[in-house]
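Chemist: I have a structure I would like to understand better, so I am pasting it below and will then ask my questions one at a time.
The values are calculated or read from the model by the stated rules, or taken from the named source; none is laboratory data. This structure is a prediction, so every number in the text was calculated from the model and none was measured. So basically every Cβ, Gly included, is an ideal-geometry build from the backbone, and we count neighbours across all protein chains shown. These accessible areas exclude ligands, DNA and RNA; they are computed on the full protein's heavy atoms, side chains included. Shrake-Rupley method; radii C 1.70, N 1.55, O 1.52, S 1.80 Å.
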Amino acid sequence: PLREELASINQLSAFFFNLQHNLTMSIHMSKKNPLQGETSEQESAKKLRSYEPDLKITVGAGSSENVDKPKSGIAPEVVVIWHHSAIMRNHSNYINVMLSNPMKESKTYDLSFPDIKPSTWWKMMEFLECPMKARQMKVEDARVVAPFYDQYDFYKGCQLCNLVLEEYFIRSNKEARKRGKQQAPDLDLLVDALILADTANLHGAKKEGLKYFEMKFSSVTTPYGRTMFKEGHVKKLAPFIANETTLSNCFSGSTDEILSPLFPSLAVLRFAKWETVRVLESMVRCLRLSGTRCKADGDFFFEDSGFTSDRVGRWGGAEFTFEIARLKDDWVIYGKPIPEVDEDGEDIVHDSIVVKILWRSPYSESLILPPKDNWEAVDSLAYGQPNITYILEAEM
């Protein structure tokens, strides 16, 4: 963990050093005519002091003719900010293109960003131009600035947001794998962070975010496994579940089914049902069958496919073992034929095994455990009235 933390610190330090170096070089290169009679250091220092902001940027609603006036009648906040064009060219490829091509803006050096609030613009510039502020960026800050960094091609800003979100998901993954008591995750923030990573093209962060949600959708632990998701979370994540293989493998259903309005509620219900099944199966490890008037009576122990026993009885002239499981949509009590053996005493393997259904419980498909009574005879030799008793693991 210490080595990973040091590597992360070195990565951040390199990012901030390059950022500060690029800003300084942009200012130094802004004057085309060198000052004669001075050293290069003196020239740079004098340029840095004398360079005046030459790019007018207007931010806030109302700074564009295409923005409608608010119905409330309250004038939106509009702020004019002067920047160094060389620095802003370095920050944003969008601004660089606007000032380089034969457009009105390249002559007037007057740009407008009506969709960016002044407070958001100041925050964007702080993170780009102040290494200390950039080190303090949080996920909540990235949620504010990343969409605009991406929209207006602020490459360094996108890099910083990607780094912050990527580290956030990595820490969350480590916490989720920790044994013992875990810190409760901020699921709302985690979901929004993945959506942000996708919409703002933060590929590294998105990759780590998908790892986190794949792990959580596959986790049966409580309370921070798949049962912690609410309908609103699943609704937001549905496009990822439908289109990302790492998540779609955690669910059964076609793309259309996953994107349907019913999917979020059904998914949450399935999570709850799976957990209920898991708890019941861990508690009820044995069924005690009685009333069949045959060798089927006795204890059945839980296995992956149902409840099995090793008792052998004759039914209609053939030998069977008995099992209780779901077959053909209902819980059934059936006989499984004893395998034939060859001359060497080895079982003869057939392509298919035909079981003999003895009793069926109609309309029991949705039951987690087989019902206690009300079994209907299927085979003509099934004379008894089966009754099942659940044996808890603690009683065994």
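Chemist: For the stretch 244-270, name all the residues that are under 18 Å from Lys216 (Cβ atoms), of a type outside the set (Ser, Thr, Tyr) and loosely packed, with under 13 Cβ neighbours inside 10 Å.
Modeler: Result: Asn249, Leu269.
Chemist: Exactly one of these conditions fails for Asp344: (1) surrounded by fewer than 17 Cβ atoms within 10 Å (Cβ to Cβ); (2) modelled with pLDDT of 80 or more; (3) not polar (S, T, N, Q). Give me its number.
Modeler: Evaluating Asp344 over (1) surrounded by fewer than 17 Cβ atoms within 10 Å (Cβ to Cβ); (2) modelled with pLDDT of 80 or more; (3) not polar (S, T, N, Q) leaves (2) as the failure.
Chemist: Give the number of residues within the stretch 116-139 that are under 21 Å from His203 (Cα atoms) and either out of contact with any Leu (no Cβ under 8 Å at 6 or more places or on another chain) or open to solvent by less than 80 Å² (accessible area, probe 1.4 Å) (or both).
Modeler: Looking only at that region, the number is 7.
Chemist: Within the stretch 326-338, can you find the residues that are open to solvent by less than 20 Å² (accessible area, probe 1.4 Å) and over 15 Å from Val354 (Cβ atoms)?
Modeler: Trp331, Ile333
Chemist: If you don't mind, another one. Any residue in the stretch 186-201 that's closer than 13 Å to Asn162 by Cα: show its pairings with residues that are of a type in the set (Val, Ile, Thr) at Cβ separation under 6 Å, as long as the two are six or more apart or on different chains.
Modeler: Taking only residues 6 or more apart or on different chains, the pairs are Ala193/Val139.
Chemist: Can you list the strands (runs of 3 or more DSSP E) lying wholly within the stretch 240-321 that have 1 or more residues being at pLDDT 90 or above, in contact with a Pro (Cβ under 8 Å, 6 or more places away or on another chain) and among the aromatic types (Phe, Trp, Tyr)?
Modeler: 306-315
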